[in-house]
Every structure is written in C-alpha cells, then in structure tokens.
Ligand SMILES: *Cc1c(COP(=O)(O)O)cnc(C)c1O
C-alpha cells in the first residue's frame, strides 16, 4: 500500500460508532441509561438503511408538515441592506422559510422523525423536556398525529412564564408535568425526563429537543433536521443555478443550524456561519455563547463547549430569546468549530431586536427572536459580499410567540 496517499478528511463522516465527533460527543450516562441508548442506536442503525421509513417520513412532511418549505428571495431586505451600507453593495439575501412549517418552526422535523421511530420500536409513549415550550408543543403535536401518549416535563418557573404553550400542549392531549426542583427551568426538566426514561424505557421513548445529549441523540436529531439543508441545496441549484456562497443560522442547542449546514459540510467553498446569543454583554450570566466564550466540559451526557465557572459548575445564561438560552451546545458544532469549518459569531439582544423589526418591515415576515439573530448576522455579512453572490439565512421560526416580549423590550429601550 502506498504510504504517501493523502488522507482525505470528510467532515460529514461522523460520529464514530462510539458517538465521537473528533474529541467531542460520547455518552457520559449512568449505567441505567446505557441499555436504553444502545436499544435506540440499534433501532436507528436499522432504520437508517430502510427506504420505507424515509418514504413514510417524506409523505408525512409533504402532506402534514407542508414541506418543502420555500427558499424565498428577500429582494426588499437585500435592497435595504445595500442602502444601509455606505458602498451600496452586497449579496442577494434568501430566506429558508422554516417558519412556514406546521407549528411554526423547524422543531417538528425532529419530533415527527422520532415519533415514527417510537412506533418502529413498538413503544406507545413519548416524553420530552421543554423550556420555552416550543419543543413541548412540537412533541405534543407529533404525539397527537401519531396516536402516542405524551408527557412533557417543564420547570414551574417556565410554566409560569409560558402559559400559552402550556395551554397548547394540554389542548393537544399532552400531560404537562411541572418540575419544582433546582432553578425550576430547562436543566431541571431535562434531569426529570431522563429519570422517567430510566424507569419506563420498555414502553417509552425520550424525544430530546436539539442536537445535544448522549450518543446517539446528536446524530439522530441532525439527520432528521438535515432535510432543511437537502432542500436548500436543491432549491439553490434551481433558483440560482449554483451553490450559495454563504449560509447563516442561529445556534441554541444547534439543531436548525446543524440541519441546514450538514448537507453542505464537505462543500468547502460554501461559507457557514453560526450565530450565538450575545445577550447584553460578554460578562458571565449575561449571554448564551458557549462556542465563543465557554470551555470544553460535560453537560447532559456529552462533551462539548459549555459555559461554566472555574470549578466546572454550569453558569447561568441570558438571552432575549428563550430558544437560545442554553449553557451548552451540540458536540458536532464543537467539532466544526475546532476544525475551522464553521465560523461562530454572536449577536446581542439589541441587534436581534433591530433585525426583528427590519425583517418585519422589509418583507412582512415577523421572525422568531431566535431567527432574528441569524437575520442580523446575515445582513452584516451580506454587505461585505459582492452583488453577484448569494447568502441564505435559515429563518428557523415565526415570531408570533415573541411579539409581546419584543414590544416590551422596544418600549424599555425607548424609555432609556
Ligand atoms: C428552539 C428554537 C431554536 C433554537 O434551537 P436549535 O436547536 O439551536 O435550533 C431556534 N429557533 C427557533 C424558532 C426555535 O424554536
């Protein structure tokens, strides 16, 4: 065998059978969950090669979710961005409209996929954790449609702050279990859901809400969200006649970003930009940017970048958008960061609020505050590009859920 054969690194070929993305990922879990994760991995490895499963999921997306979601040429947003730049130039901006998917965000791509997986495993019940309630609603929706029982764990503090989503979940027939432990938020709800799963794994599947958690969850969620990137690639070739020059997405746990990036990961000329929540400052507790400001550590069963203090205790986080308010991030993003394949930046609360209004008034599209982070970074990047280049922003969700909070923040800002 020749020894001088160059080793071709293919970033798409992860994780390893042990669940490693480079040095990140893995499964740091109690013994009682090892069997559950192994069973899930076995089922998924079989399903992965089963065309009937993917055909069934594709039909569900076509007739129920409303896929493919459009790739929309945002002509007025582009013109306004160019007009704001002193030189008057910039790339054409396109929006991938995940806000038009059923339930108003990309989360349904994952919950329907894992819902079908639950049925394949012969299980009758799903459980989920939720913070702001978006993943809880998407899980309750999938459960109602597929005829599964659904229990959603939610901290009492979040239940108080997100009344509307609690009501939606109950209307959809799900049971909301309030968690009164610790900080009474997402982290504590996740712990309780994991505890439930240890005792109920025989008939219950745990649907985790992003590309986080122990192996095989980050891989499974990425694969179900990759439909965003596959559609985007085909739509770019159809509408632009070529690949896009750049793609921008917001990063909370990282599932909408992983979904749109992954099919492009080995297309090196396509610039990929992930946007974390810059909050109000870079001080601890004032942002949610683990890739930019965190250190490698273990959170919820996998090794990735985590916001933590010098003793390894998870730090408090802040963002104006509830979906980005998480101290960890999926291990594959940590891998892409260290490989220098994806550039990670951050956008502050104030900049996101500006972009929220900018998109609403330029195009008549009110984005989720999470997605507004991607819009802000997308506009900033586009005006540094040539007029004949194309930039795609993943519009991960619609902003109906955020109008009240955005109005409150805008009024607060006006009074300062
Ligand atoms: C939950 C959510 C996010 C953040 O989650 P990711 O896993 O990082 O995608 C982003 N946008 C919207 C609309 C969400 O609901």
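Summary of computed values
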item: Filtered residues of region 329-354 (kept if over 14 Å from residue 278 (Cα atoms) and either under 19 Å from the mean Cα position of the chain (by Cα) or within 13 Å of the ligand (Cβ to nearest atom) (or both)); result: 329, 330, 331, 332, 333, 334, 335, 336, 337, 341, 342, 343
item: Complete set of residues in region 80-99 that are assigned to a helix (DSSP H, G or I), touching a residue at least 40 places away in the same chain (Cβ under 8 Å) and surrounded by fewer than 20 Cβ atoms within 10 Å (Cβ to Cβ); result: 80, 82, 84
item: Residue within region 263-281 that is modelled with pLDDT under 95, farther than 30 Å from residue 37 by Cβ and surrounded by 21 or more Cβ atoms within 10 Å (Cβ to Cβ) present; result: no
item: Check on residue 326, within 11 Å of the ligand (Cβ to nearest atom), outside any helix (DSSP H, G or I) and under 17 Å from residue 211 (Cβ atoms); result: yes
item: Number of positions in region 176-221 that are within 14 Å of the ligand (Cβ to nearest atom), within 21 Å of residue 262 (Cα to Cα) and outside any loop (DSSP other than H, G, I, E, B); result: 4
item: Count of region 100-132 residues which are within 12 Å of the ligand (Cβ to nearest atom), in a loop (DSSP other than H, G, I, E, B) and touching a residue at least 60 places away in the same chain (Cβ under 8 Å); result: 4
item: Hey, residue 35 farther than 30 Å from residue 296 by Cβ and surrounded by fewer than 19 Cβ atoms within 10 Å (Cβ to Cβ) or not; result: no
item: Residue 117 being out of contact with any strand residue (DSSP E or B) (no Cβ under 8 Å at 6 or more places or on another chain), under 22 Å from residue 53 (Cα atoms) and in the same structural domain as residue 42 (by TED's automatic domain parsing); result: no
item: Any chance residue 379 is in contact with a helix residue (DSSP H, G or I) (Cβ under 8 Å, 6 or more places away or on another chain), in a strand (DSSP E or B), modelled with pLDDT of 95 or more and surrounded by 23 or more Cβ atoms within 10 Å (Cβ to Cβ); result: no
item: Residue list for region 135-160, filter: in a helix (DSSP H, G or I), closer than 21 Å to residue 181 by Cα and touching a residue at least 12 places away in the same chain (Cβ under 8 Å); result: 135, 136, 156, 157, 158, 159
item: Of all residues making up region 382-416, the number that are in contact with a helix residue (DSSP H, G or I) (Cβ under 6 Å, 6 or more places away or on another chain), within 16 Å of the ligand (Cβ to nearest atom), within 30 Å of residue 233 (Cβ to Cβ) and in a helix (DSSP H, G or I); result: 1
item: Residue that is surrounded by the fewest Cβ atoms within 10 Å (Cβ to Cβ), among those in region 168-214 that are over 21 Å from residue 144 (Cα atoms) and within 17 Å of the chain's Cα centre (by Cα); result: 187
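The values are calculated or read from the model by the stated rules, or taken from the named source; none is laboratory data. Note that the structure is predicted; figures quoted are calculated from it, not measured. Heads up, the Cβs are rebuilt from the backbone with ideal geometry, glycines too, and the neighbour counts pull from every protein chain shown.
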